[in-house]
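The next block holds one structure in the form of structure tokens; read it before the comments.
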Amino acid sequence: MKRSRLGPLDVTSLGLGSAPLGGLFTPVSDADAEATIASAWSLGIRFFDTAPLYGFGLAERRLGAFLRQRPRDSYAISTKVGRLLRAPDGAAAEDEHYKGAPRERPMFDFSYDGVMRSVEESLARLGLDRVDVLLVHDPDDHYDEAVAGAFRALRRLRDDGTVKAIGAGMNQSEMLVRFAQAVPVDCFLLAGRYTLLDQGALDALFPVCRERGIGILLGGIYNSGILANPHTGAKFDYQDADAALVDRALALDELCRKHGTELKAAALQFCMAHPAVTVAVMGARNATEVADNIAMSEMAVPAAFWQELRARNLVDARAPLPGGA
């Protein structure tokens, strides 16, 4: 598998995202989670992304159970800070997004001490002595606290060699630009903001990252599912997609079919063509989805497809296309 540089780390250009393994939208059994991770490993994936949020600790536990049986220097793992998991005083209602999750629920905490506790608790759930990448997770309403507290903690952990790379993971690009200008970071995880349906990262984020040598871990490439299976009721950005977005996705799917290829292949290869993108982080809830993600990265997408995509102005004119189309 193709490899890339992420700060001092050598990583595979495809990574496994673990939100689905935490029961995102539908429950996942322990056996299916283990089979998913084992499939990713057997197919050459060596970058794994997780977070306390994903299944409220469930994804970290499942990922750690597999990875701690492998040589520690043979893979890279990222997790996130900014949420501490705590049991509520009363009964915990089922979460809107994570199904089959433990009783604990996340509480925002972007303070220095909160981040240090978060790292310690993540390592306990993972059963590992270290992670390679730490990301401040969704600090949308907490910019000042993140800069003064969370990033101060992450810089200390990087400086003392506890972690190799630091950054932030968000579903928006605007605040990541501010972090890039305010904090010496190594990478960002950007979810859903550079896809066939949304190229907002081209405005400011990708240029500043290229200028400063900040790597991009790109998630949400299928925009929560609409670019994997466009239909009425499909998800976009974790919510039901509106009719206009469904129509755009269906038009892209029709164009793919015209050229004898698949929408998922076009969506993934479009994202990987941008030089700012270091790792495409692909979620999966079973072994079949892992194999499919890899197949989509390798499927032939005709040059004529990219040429027509450009000619019909279906993507931003600034977006590089595979093969220079």
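Computed quantities for the displayed model
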{"item": "Of residues in the stretch 10-54 being among the aliphatic types (A, V, I, L, M) and surrounded by fewer than 19 Cβ atoms within 10 Å (Cβ to Cβ), the one farthest from Ile214 (Cα to Cα)", "result": "Ala31"}
{"item": "Search result, residues across the stretch 104-127 that are closer than 21 Å to Ile77 by Cα, open to solvent by 30 Å² or more (accessible area, probe 1.4 Å) and touching a helix residue (DSSP H, G or I) at 6+ places or on another chain (Cβ under 7 Å)", "result": "Met116, Arg125, Gly127"}
{"item": "Tally of residues being assigned to a strand (DSSP E or B) and of a type in the set (Lys, Arg) across the stretch 94-121", "result": "1"}
{"item": "Top-ranked residue of the stretch 74-103 - restricted to ones that are free of Cβ contacts under 8 Å to residues at least 40 places away in the same chain and of a type in the set (A, V, I, L, M, F, W, C), ranked as surrounded by the most Cβ atoms within 10 Å (Cβ to Cβ)", "result": "Leu85"}
{"item": "Selection status of Phe108, under 20 Å from the mean Cα position of the chain (by Cα) and under 22 Å from Ala31 (Cα atoms)", "result": "no"}
{"item": "Scan of the stretch 289-311 for residues that are open to solvent by 40 Å² or more (accessible area, probe 1.4 Å) and either free of Cβ contacts under 8 Å to residues at least 24 places away in the same chain or under 22 Å from Val11 (Cβ atoms) (or both), ordered by number", "result": "Glu289, Ala291, Asp292, Ala295, Glu298, Ala303, Gln307, Arg310, Ala311"}
{"item": "Verdict on Leu154 being within 22 Å of Leu14 (Cα to Cα), open to solvent by less than 10 Å² (accessible area, probe 1.4 Å) and touching a residue at least 60 places away in the same chain (Cβ under 8 Å)", "result": "no"}
{"item": "Residue count, the stretch 159-177 (criterion: in a helix (DSSP H, G or I), surrounded by 18 or more Cβ atoms within 10 Å (Cβ to Cβ) and either charged (D, E, K, R) or within 15 Å of the chain's Cα centre (by Cα) (or both))", "result": "1"}
{"item": "Filtered residue count, the stretch 175-210, keeping only those that are of a type in the set (Phe, Trp, Tyr) and under 22 Å from Asp159 (Cα atoms)", "result": "2"}
{"item": "Subset of the stretch 279-288 (residues that are open to solvent by 20 Å² or more (accessible area, probe 1.4 Å) and under 18 Å from Asn223 (Cβ atoms))", "result": "Gly283, Arg285"}
{"item": "Strands (runs of 3 or more DSSP E) within the stretch 1-45 that include 2 or more residues in contact with a helix residue (DSSP H, G or I) (Cβ under 7 Å, 6 or more places away or on another chain) and more than 19 Å from Arg70 (Cα to Cα)", "result": "none"}
{"item": "Restricting the stretch 62-73 to residues that are free of Cβ contacts under 8 Å to residues at least 40 places away in the same chain and open to solvent by 40 Å² or more (accessible area, probe 1.4 Å), the residue that is nearest to Gly7 (Cα to Cα)", "result": "Asp73"}
{"item": "When residues of the stretch 279-317 are limited to those that are β-branched (Val, Ile, Thr) and in a helix (DSSP H, G or I), the one farthest from the chain's Cα centre (by Cα)", "result": "Thr288"}
{"item": "Residue satisfying condition, being outside any strand (DSSP E or B) and modelled with pLDDT under 95, within set Ala91, Ala148, Ala180, Ala124", "result": "Ala91"}
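Okay, residues lined up against (1) free of Cβ contacts under 8 Å to residues at least 40 places away in the same chain; (2) closer than 18 Å to Asn171 by Cα:
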site: Arg3; (1), (2): yes, no
site: Val11; (1), (2): no, no
site: Asp30; (1), (2): yes, no
site: Ala35; (1), (2): no, no
site: Ser42; (1), (2): yes, no
site: Asp49; (1), (2): no, yes
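The values are calculated or read from the model by the stated rules, or taken from the named source; none is laboratory data. If you're wondering where the values come from, they're calculated on a predicted model, not measured in any experiment. Ideal geometry is used to build each Cβ from the backbone, glycine not excepted, and the neighbour counts take in all protein chains shown. Just so you know, the surface numbers come from the protein's heavy atoms only, side chains and all, with ligands and any DNA or RNA stripped out. Shrake-Rupley method; radii C 1.70, N 1.55, O 1.52, S 1.80 Å.
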